[in-house]
Amino acid sequence: MPRNFFTLMRSSAPAATDVPAATRSGHGTPPPNWTAEAATGVHLDASLEAVRHEITEEVDTALQLRDVSAFYGDFQAIDRMSMPIPRNRVTALIGPSGCGKSTLLRCCNRMNDLIPGARMDGEIEFEGRNLLDPNIDAVEVRRRIGMVFQKPNPFPKSIYENVAFGARINGYSGDMDRLVEDALRRAALWDEVRDELDKSGLALSGGQQQRLCIARAIAVQPEIILMDEPASALDPVATLKIEDLMRELAEEYTIVVVTHNMQQAGRVSDYTAFLLAGEERVGRLVEFGPTQDIFTNPLDQRTEDYITGRYG
Amino acid sequence: MAAQAPHGPQQDTVRSLLAELWRERLQPSRPGSGRETPVGRLIHGALFLTATLSAFVTIGIVLVLIFETVEFFREVPLLDFFGSTSWSALFAEKQFGVWALVWGTGMIALIGLAVAIPLGLMAAIFLSEYSPPRLRAIVKPILEILAGVPTVVFGYFALVSVSPVIRDIFGEDVGIYNALSAGIVVGLMIVPIIASLSEDAMRAVPRSLREGAYALGSTRMEVSLRVVLPAAFSGVVASIILAASRAVGETMAVTIAGGGNPQFGVNPLEAVQTMTAMIVQLSLGDTPTTSIEFKVLFAVAMTLFVLTLGMNIVAQWVSRRFREEYE
């Protein structure tokens with residue numbers, strides 16, 4: 001599958017997505033795995049009107065979201081979102097401000113637990129268990145599902161200690177030097193900092209700090225990395241580096257990225273979910289599918305309006 | 001002469017007066033801008049005096065201290081003061097080894113810090129990282145009220161509550177006046193300083209750092225101890241040094257509970273005398289102002305002043321030097 005959306009734009013014809021919803025009835029049990037779900041093709045959920053495109057490749061599901069809702073006190077931020085997060089792919093969450101992208105992302109590693117009054121509903125299946133189950137330890141969830149934030153937030157410690165932090169608190173007993181080097185290499189930062197590992201993480205440039213934060217997340221060896229607008233505070237050159245890095249990391253990790261930037265979603269993601277909030281400001285999933293389908297052949301008028309820049 | 005001019009002299013005067021008034025209206029006087037109304041000048045002067053009064057008082061005190069200390073050292077060699085550990089200013093055989101008093105002060109301050117640092121830091125961590133906002137809104141002001149309890153109350157608290165417990169534990173040989181008892185209440189007295197200032201410093205640590213740590217699978221305790229506390233290091237250390245400086249300068253409680261025995265021993269169950277308690281003792285007596293006992297007061301006070309001033313400077317330096325700047 002081609003990696004670059006813009007080459008796709010030029011080369012590929014719109015994918016055939018107009019599979020009748022009736023094919024769905026052929027499957028009795030809910031498919032745990034995306035290839036089975038793929039056969040369902042496009043279907044319109046009567047209550048939520050979310051459109052799902054057909055997935056044409058063989059791919060596992062890392063996370064399966066089912067009817068995920070989130071509330072902050074009395075305010076409902078997102079309403080019954082259902083979608084798969086394909087394994088070893090980059091999935092982009094796009095949509096205008098306030099549509100619940102970040103909230104949805106923060107549901108996936110229980111970061112919302114830290115906000116007083118926040119509540120989640122529904123189910124996020126991860127390795128056969130529901131992440132949102134209160135009996136599941138949120139600390140364990142976050143160790144396996146890492147996160148990179150909008151603004152780089154390295155600890156006021158040395159570069160080395162920043163990367164080693166997660167491993168230390170998780171009782172890693174192996175060769176710490178190797179772990180740190182490996183994480184920094186994979187975050188494409190090693191060559192720039194190899195001689196100054198004792199320097200404070202805060203002394204780095206913004207782009208380097210963000211790559212340090214990615215290295216820090218990798219060092220815990222998570223399965224999934226959530227990125228909340230990881231490049232929005234960076235200049236174009238640093239942004240490009242982060243995007244390249246995301247593509248490389250997708251070889252080993254499942255990546256979910258929230259972005260405001262349509263071009264970025266097109267450049268880096270394999271799958272895209274378009275979220276939108278109605279007048280009552282409750283975010284809902286509008287359309288989900290392979291990125292090239294969403295961008296070249298959006299089925300929902302609102303998706304088309306958004307990606308063509310008509311609003312947002 | 002006046003008739004030649006198109007305007008009469010009175011008219012000229014009126015005009016210039018009006019012009020003057022206008023100028024004042026248009027350019028409100030500011031200090032240093034030259035023109036000020038008499039009332040403005042009066043207020044300006046009064047404000048200046050108020051602002052500088054405390055500075056003048058401080059300078060006055062320091063000058064008196066220096067002057068009297070110099071007088072003292074004219075009669076007693078420096079070596080007798082700083083080179084000895086025995087103090088007996090009120091006896092016929094006078095000895096002025098200030099180390100006995102510095103030691104007493106230091107021991108009480110150390111005991112106090114040993115009590116206050118763990119208590120204060122735990123309170124700060126609880127308030128900053130664990131407490132629900134509503135509970136903090138109640139607990140923190142109460143903690144700060146503790147700092148306003150008159151220190152004489154702490155002195156009696158030491159005698160009637162702490163010393164009996166110490167005697168229960170260590171036996172009846174221990175006097176009711178002892179360094180441990182005084183040190184413990186001094187510790188309780190400075191807990192609010194450490195707790196309140198450290199909590200301020202910890203709460204100033206950006207939320208994004210906590211989130212970063214949580215996202216790596218940290219527990220609340222790990223976030224508190226390994227991220228927030230180190231990030232607030234400068235504020236925490238400064239609060240401890242300020243608390244120590246308060247402990248060193250503490251007077252009433254240690255005069256009441258510490259006993260009056262200037263000595264250079266390591267046993268905290270013995271009575272000790274601090275610099276401050278010695279100053280109280282000498283000031284209360286009928287010490288003639290020309291006597292050497294009166295003059296040594298100032299030498300001791302000077303030592304104390306230099307000590308606490310030094311600690312405050314170090315506290316400020318630490319908080320500036322180790323401050324982490326976040327956006």
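The values are calculated or read from the model by the stated rules, or taken from the named source; none is laboratory data. It should be emphasised that the depicted structure is a prediction, and the values quoted were computed from it without experimental measurement. As a convention, Cβ positions derive from the backbone with ideal geometry for all residues, glycine included, and neighbour counts pool all protein chains shown.
Check whether at least one residue in the range B:229-248 is under 30 Å from B:ARG74 (Cα atoms) and assigned by TED's automatic domain parsing to the domain that holds B:THR105, and report yes or no. Full working, then the answer.
Step one: list which residues in the range B:229-248 are under 30 Å from B:ARG74 (Cα atoms), which gives B:245, B:248.
Next, from what is left, pick out any that are assigned by TED's automatic domain parsing to the domain that holds B:THR105: B:245, B:248.
Checked against the condition, which is being under 30 Å from B:ARG74 (Cα atoms) and assigned by TED's automatic domain parsing to the domain that holds B:THR105, the range B:229-248 yields at least one hit.
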Exercise. For the range A:213-298, which fully contained strands (runs of 3 or more DSSP E) count at least 3 residues that are under 13 Å from the mean Cα position of the chain (by Cα) and at pLDDT 90 or above?
Worked result: A:224-228, A:254-258, A:271-277
Problem set entry | Tally of residues being over 26 Å from B:SER208 (Cα atoms) and acidic (Asp, Glu) across the range A:73-106 | 1
Problem set entry | Residue that is nearest to the other protein chains (Cβ to nearest Cβ) [pool: residues in the range B:281-327 that are charged (D, E, K, R) and within 19 Å of B:PHE81 (Cβ to Cβ)] | B:LYS295
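Give the residues of the range B:196-208 that are surrounded by fewer than 20 Cβ atoms within 10 Å (Cβ to Cβ) and either within 12 Å of chain A (Cβ to nearest Cβ) or at pLDDT 95 or above (or both), sorted by residue number.
Kept after step one, since they are surrounded by fewer than 20 Cβ atoms within 10 Å (Cβ to Cβ), are these residues of the range B:196-208: B:200, B:203-204, B:206-208.
Across the range B:196-208, the qualifying residues are B:PRO206, B:ARG207, B:SER208.
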Exercise. Which residue pairs have Cβ atoms closer than 7 Å, lie 6 or more positions apart in sequence or on different chains, and pair a first residue in the range B:148-159 that is farther than 12 Å from B:ILE184 by Cβ with a second residue that is crowded, with 17+ Cβ neighbours inside 10 Å and modelled with pLDDT of 90 or more?
Worked result: B:THR151/B:MET189
Exercise. For the range B:287-327, how many residues meet the condition of being out of contact with any strand residue (DSSP E or B) (no Cβ under 9 Å at 6 or more places or on another chain) and more than 20 Å from B:GLU71 (Cβ to Cβ)?
Worked result: 20
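Return a yes/no flag: does the range A:171-186 have any residue that is outside any helix (DSSP H, G or I), crowded, with 19+ Cβ neighbours inside 10 Å, more than 14 Å from chain B (Cβ to nearest Cβ) and not hydroxyl-bearing (Ser, Thr, Tyr).
Taking the range A:171-186 and keeping what is outside any helix (DSSP H, G or I), we get A:171-175.
With the extra rule that they be crowded, with 19+ Cβ neighbours inside 10 Å, the set shrinks to none.
Scanning the range A:171-186 turns up no residue that is outside any helix (DSSP H, G or I), crowded, with 19+ Cβ neighbours inside 10 Å, more than 14 Å from chain B (Cβ to nearest Cβ) and not hydroxyl-bearing (Ser, Thr, Tyr).
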Exercise. Taking the condition crowded, with 20+ Cβ neighbours inside 10 Å and assigned by TED's automatic domain parsing to the domain that holds B:LEU101, does B:SER161 pass?
Worked result: no
Exercise. Can you find a residue in the range A:149-160 that is facing chain B (nearest Cβ under 9 Å), crowded, with 19+ Cβ neighbours inside 10 Å and under 14 Å from the mean Cα position of the chain (by Cα)?
Worked result: yes
Exercise. Any idea how many residues of the range B:69-105 are in a helix (DSSP H, G or I), surrounded by 15 or more Cβ atoms within 10 Å (Cβ to Cβ) and over 28 Å from the mean Cα position of the chain (by Cα)?
Worked result: 1
Problem set entry | Residue check for A:LEU212: within 11 Å of another protein chain (Cβ to nearest Cβ) and crowded, with 17+ Cβ neighbours inside 10 Å | yes
Exercise. Out of all the residues in the range B:171-190, is one or more in a helix (DSSP H, G or I), charged (D, E, K, R) and without any contact (Cβ under 8 Å) to a residue 60 or more places away in the chain?
Worked result: no
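Go over the candidates B:ILE138, B:ILE142 one by one and state the one that is over 23 Å from the mean Cα position of the chain (by Cα), assigned to a helix (DSSP H, G or I) and free of Cβ contacts under 8 Å to residues at least 60 places away in the same chain. Break it down into steps so the answer makes sense when it comes.
Details: B:ILE142 fails: over 23 Å from the mean Cα position of the chain (by Cα).
The conditions single out B:ILE138.
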